[in-house]
1. Since Gly58 meets every condition but one in (1) more than 24 Å from Ser121 (Cα to Cα); (2) at pLDDT 90 or above; (3) in contact with a Ser or Thr (Cβ under 8 Å, 6 or more places away or on another chain), which condition does it not meet?
2. As an exercise: evaluate Ile75 against (1) of a type in the set (Val, Ile, Thr); (2) within 19 Å of Leu129 (Cβ to Cβ); (3) modelled with pLDDT under 90 and give the number of the one condition it does not meet.
3. Within the range 77-88, count every residue that is open to solvent by 40 Å² or more (accessible area, probe 1.4 Å) and not hydrophobic (A, V, I, L, M, F, W, C).
4. Quick one: Tyr91 ticks every box in (1) open to solvent by less than 40 Å² (accessible area, probe 1.4 Å); (2) hydroxyl-bearing (Ser, Thr, Tyr); (3) at pLDDT 90 or above except a single one, so which number is it?
5. Sort out which residues of the range 119-154 are open to solvent by 90 Å² or more (accessible area, probe 1.4 Å) and within 21 Å of Leu22 (Cα to Cα), and write them in order of number.
6. For the structure I just gave you, tell me whether Leu134 is more than 26 Å from Tyr92 (Cα to Cα) and out of contact with any helix residue (DSSP H, G or I) (no Cβ under 6 Å at 6 or more places or on another chain).
Amino acid sequence: MEENSTFDTFEMQLNESAKGFLKETAKWAYFLSILGYIGIGLIVMAAIFAGTLFAAMGNMAREMGSFSSFGGSFITGLYLMLAALYFFPVYYLNKFASNAKAALRENDSETLAASFGYLKSHYKFIGILAAVTLCFYVLILMGVLIVALVFGLK
């Protein structure tokens, strides 16, 4: 005969204040995700216009030579990569918000669990991105110090 512990049969219930907090959080998350999508659109537009701007600068200043086309392509590619990188946390935040609002509206615990999965993915992505950014900054700082030491000693 199997014995069930208290933890196996435990089911968490949300009281009205927790539901209110979650509902308000979902509204703000949805608002922030919409702003994020607008920001992604602006980044993509900036990427498109960067290539055009550098090409126009290259036509005006002949001394830039081939840098104008390379620079425009590089900036366009960089901005498009940033937009793609920015898309994922915004998407996860939007999915959290829409699923949380639907779960509260329909009183569905499965949808609520899915929404928390998207929130976990959002914060996991942001955390990994922050760690990578910090490592990148440390590498830049070390590079600057090495260059300063090498050229400062001569």
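1. (2)
2. The one condition Ile75 does not meet is (2).
3. Taking the range 77-88 and keeping what is open to solvent by 40 Å² or more (accessible area, probe 1.4 Å), we get 78-82, 84-88.
Checking the rest, the ones that are also not hydrophobic (A, V, I, L, M, F, W, C) come to 79, 86.
Here the count works out to 2.
4. (1)
5. Lys120, Tyr123, Lys124
6. The answer is no for Leu134.
A quick yes/no check of all residues on (1) within 19 Å of Gly20 (Cα to Cα); (2) open to solvent by 70 Å² or more (accessible area, probe 1.4 Å); (3) of a type in the set (Ser, Thr, Tyr); (4) touching a residue at least 12 places away in the same chain (Cβ under 8 Å):
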site	(1), (2), (3), (4)
Gly72	no, no, no, yes
Ile75	no, no, no, yes
Ser109	yes, yes, yes, no
Gly117	no, no, no, no
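The values are calculated or read from the model by the stated rules, or taken from the named source; none is laboratory data. The structure presented is a predicted model; accordingly, all values stated were derived computationally and were not measured. A quick note on method: Cβ atoms are made from the backbone with ideal geometry, for glycine too, and the neighbour counts reach across all protein chains shown. To get the accessible areas, we keep the full protein, side chains included, count just its heavy atoms, and leave off ligands, DNA and RNA. Shrake-Rupley method; radii C 1.70, N 1.55, O 1.52, S 1.80 Å.
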